[in-house]
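Shown next, in structure tokens, is the structure this report addresses.
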Amino acid sequence: MSSSYTAEIESAVPAPRLFKAAILDWHNLAPKIASDKIVSASPVEGDGNVGSIRQFNFAPGLPFSFVKERLDFLDVEKCEAKSTLVEGGGIGVHLESASNHIKVEPKAGGSVVKMTGTCKPLPGVDVVGESEKAKAAFTGVIKGCEAYLVANPDAYY
């Protein structure tokens, strides 16, 4: 049985700028601003468009050593993306599948990030509480990007 969760995070940063940093270029920005969690990241396949795959390598002590995600949908003008976990991060161990849909919408004085995550656990695996961890991690990504962008007003225009 699949499980879904949602998160909404408000930001003081305009939607296009936050989308570029937190979604499109996260593989470059993450190791700079979250090096305690993500030690390296890089494209594995593709040119950043639909079908491309990125790998994120995590610091020792975290639950997973790496994840690979495939970009399934991208609309840069609408600041919207969908991706699927294809390897690592519990795929084949705890999860049959995992995906997310992210949309960054304009809001007076900044933006609001809306995320829906869906996962299908392997038979017999209990994922209770995992959605809260995923929401917390995603919120950390957005708030980390927000802090970087506020401190670096010329970045990601």
Completion exercise
If one compares the long axis through the Cα atoms of helix 130-151 with the longest principal axis of the Cα atoms of the chain, the angle in degrees, nearest 10, works out at 20 degrees
Fill in the blank from the handout: Highest GNM mean-square fluctuation among Glu132, Glu77, Glu146, for the chain with Cα springs under 10 Å, belongs to Glu77
Exercise for the section: Return the lysines within reach of Lys107: Cα separation strictly under 25 angstrom, same-chain partners fewer than 8 residues apart disregarded; answer none if there are no such residues. Expected result: Lys20, Lys78, Lys82, Lys135, Lys143
Practice task
For Glu96, enumerate residues with amide H under 5 Å from its amide H, sequence gap 5+ or separate chain, H modeled in the peptide plane.
Solution key: Lys120, Leu122
Practice task
Tally the DSSP beta bridges in segment 19-157 and give the antiparallel ones as a percent, rounded to 5.
Solution key: 95 percent
Completion exercise
Among Pro43, Pro63, Pro106, the residue with the largest mean-square fluctuation in a Gaussian network model of the chain built from Cα contacts under 10 Å is Pro63
Completion exercise
Env charge @ Val44, Cβ radius under 13 Å, K,R +1 / D,E -1, value -1
Exercise for the section: Apply the Karplus parameterisation 6.51 cos²θ - 1.76 cosθ + 1.60, with θ equal to phi minus 60°, to every residue of segment 113-126 and state each ³J(HN,Hα) to the nearest whole Hz, in sequence, with x for glycine and proline. Expected result: 9, 10, 10, 10, x, 9, 9, 10, x, 5, x, x, 9, 9
Exercise for the section: Counting helices only, and only those DSSP H runs with n ≥ 4, report the 222 nm mean residue ellipticity of the chain as the sum of -39,500 (n - 2.57) divided by its residues, in deg cm²/dmol to the nearest 500. Expected result: -7000 deg cm²/dmol
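Using a 1.4 Å probe over the heavy atoms of the protein chains, calculate the carbon and sulfur portion of the accessible area of the chain as a whole percent.
Its accessible area is 55 percent carbon and sulfur atoms.
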Problem - Estimated distance in nm for a label pair at Thr139 and Leu62, the labels positioned 7 Å out from Cα along Cα-to-Cβ - result: 1.8 nm
Problem - Amide H contacts under 5 Å for Lys107, placed H, 5+ residues apart - result: Ala15, Val112
Fill in the blank from the handout: Expressed per residue, the solvent accessible area of the chain in Å² (1.4 Å probe) is about 54 Å²
Completion exercise
Gly89 neighbourhood, Cβ < 14 Å, K/R = +1, D/E = -1, net charge +2
Problem - Largest-first ellipsoid semi-axes for the chain, taking √(5λ) over the Cα gyration tensor eigenvalues, angstrom - result: 25, 17, 15
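The values are calculated or read from the model by the stated rules, or taken from the named source; none is laboratory data. It should be emphasised that the depicted structure is a prediction, and the values quoted were computed from it without experimental measurement. No Cβ is skipped: glycine too gets one built from the backbone with ideal geometry, and neighbour counts run over all protein chains shown. Surface accessibility is based on the protein's heavy atoms, side chains included, excluding ligands, DNA and RNA. Shrake-Rupley method; radii C 1.70, N 1.55, O 1.52, S 1.80 Å.
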